[in-house]
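The next block holds one structure in the form of structure tokens; read it before the comments.
The values are calculated or read from the model by the stated rules, or taken from the named source; none is laboratory data. Note that the structure is a prediction, hence the values are computed from the model and not measured. Don't worry about glycine lacking a Cβ; one is built from the backbone with ideal geometry, like all the others, and counts go over all protein chains shown. What goes into the accessible areas is simple: the full protein's heavy atoms, side chains included, and nothing from ligands, DNA or RNA. Shrake-Rupley method; radii C 1.70, N 1.55, O 1.52, S 1.80 Å.
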Amino acid sequence: MFEAIVLAEFVSMLFYTFVGMLLLWIAYKVIDIVTPCPIIKEIEEDQNTSLAVLIGSVFLSMSIIIAAVILS
């Protein structure tokens with residue numbers, strides 16, 4: 001009985017992990033399409049720190065929202 005509960009929790013954890021990662025990837029692609037400049041070029045080549053902080057904060061906020069939805 002205990003093994004079935006642990007297995008079910010493990011499978012649901014893997015499922016929600018992939019759902020969360022998929023949602024973050026979709027959010028990144030939407031941000032990449034909406035912005036007029038290529039994000040990777042701006043951050044890596046032009047050393048645009050403010051854009052890196054902005055994208056990082058967007059990912060952090062999206063992660064918190066996705067985690068709250070999954071846990072509810």
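Positive end of the charge dipole of the chain (Lys, Arg +1 and Asp, Glu -1 on Cβ, about the Cα centre): tell me which of Gly20, Ala52, Val69 has its Cα farthest that way.
Highest projection toward the positive end goes to Val69.
In Å and whole numbers, how far do the C-alpha atoms of the chain stretch along each principal axis, longest first?
56, 19, 18
Relative to the first principal axis of the alpha-carbon coordinates of the chain, what is the inclination of helix 49-71, with its axis defined by its Cα atoms, in degrees from 0 to 90 and to the nearest 10?
Helix 49-71 sits at roughly 20 degrees to that axis.
How large is the charge dipole for the chain, taken about the Cα centre, if only the Cβ atoms of Lys, Arg (+1) and Asp, Glu (-1) carry charge, to the nearest 20 debye?
Roughly 180 debye for the chain.
Solvent-accessible area per residue for the chain at a 1.4 Å probe radius, Å²?
79
Relative to the longest principal axis of the C-alpha atoms of the chain, give the angle of the C-alpha long axis of helix 2-34, reported between 0 and 90° and rounded to the nearest 10°.
20
Of all the accessible heavy-atom surface of the chain, with the other protein chains kept in place and a 1.4 Å probe, what percent is carbon and sulfur?
Reported share for carbon and sulfur atoms: 78 percent.
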